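Here's the structure we're looking at; comments come further down.
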Amino acid sequence: MPNFIKNKTINLNFLKGIYYKKFKYYVNKIKVMCKHRLSFMINPFSHKIIGIILIPLGILMIIPILLTNLLPGILVFFISLSILFNDGLLLLLFIILSIITIILYYKIFKKIISYFF
């Protein structure tokens, strides 16, 4: 690394203020919710299934219609959180909710398209 980067110091005291306390509070809440339940479900095969489920959710998030990306975005966040905390029970719950959401959006978009055409 160049010397001007090696000699640079960054003041991180602002992280220990009110933002740190709020962040720590929410992280502790999430840790209480996520435990190592059904951790055997998180394996390479389930990662492939999760990938297949995340593709339609990702497509739903890029549709430029108001509020169509909120629910899929929340589900993607919680699926990744359950993988991060190795919680198979929450992963199973959010996969089921994702499938229900994909079916719901499919039916809604099918009705909208049939209404216009």
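Assorted remarks:
- Intensity falloff of the chain expressed as log10 I(q)/I(0), Debye formula with alpha-carbon point scatterers, at q = 0.16 Å⁻¹: -0.86
- Lysine pairs in the chain with Cα atoms under 22 Å, if 8 or more residues apart or on separate chains: 9
- Relative contact order (percent, whole number), the chain, Cα cutoff 8 Å, 6+ residue spacing: 27 percent
- Ranked packing of 50-62, 32-44, most packed first, by mean Cβ within 10 Å: 50-62, 32-44
- Spin-label proximity, residue 86 to the stretch 23-55 - amide N less than 12 Å from point 7 Å beyond Cα toward beta carbon: 35-43
- Calculated FRET value between residue 48 and residue 70, using beta carbons and R₀ = 22 Å, to 0.05: 0.25
FYI, it's all coordinate maths here, none of it is from the lab. Computed from a prediction, not measured in an experiment: that's the story for all the values here. Positions of Cβ are generated from backbone atoms using ideal geometry, with glycine treated the same way; all protein chains shown enter the neighbour counts.
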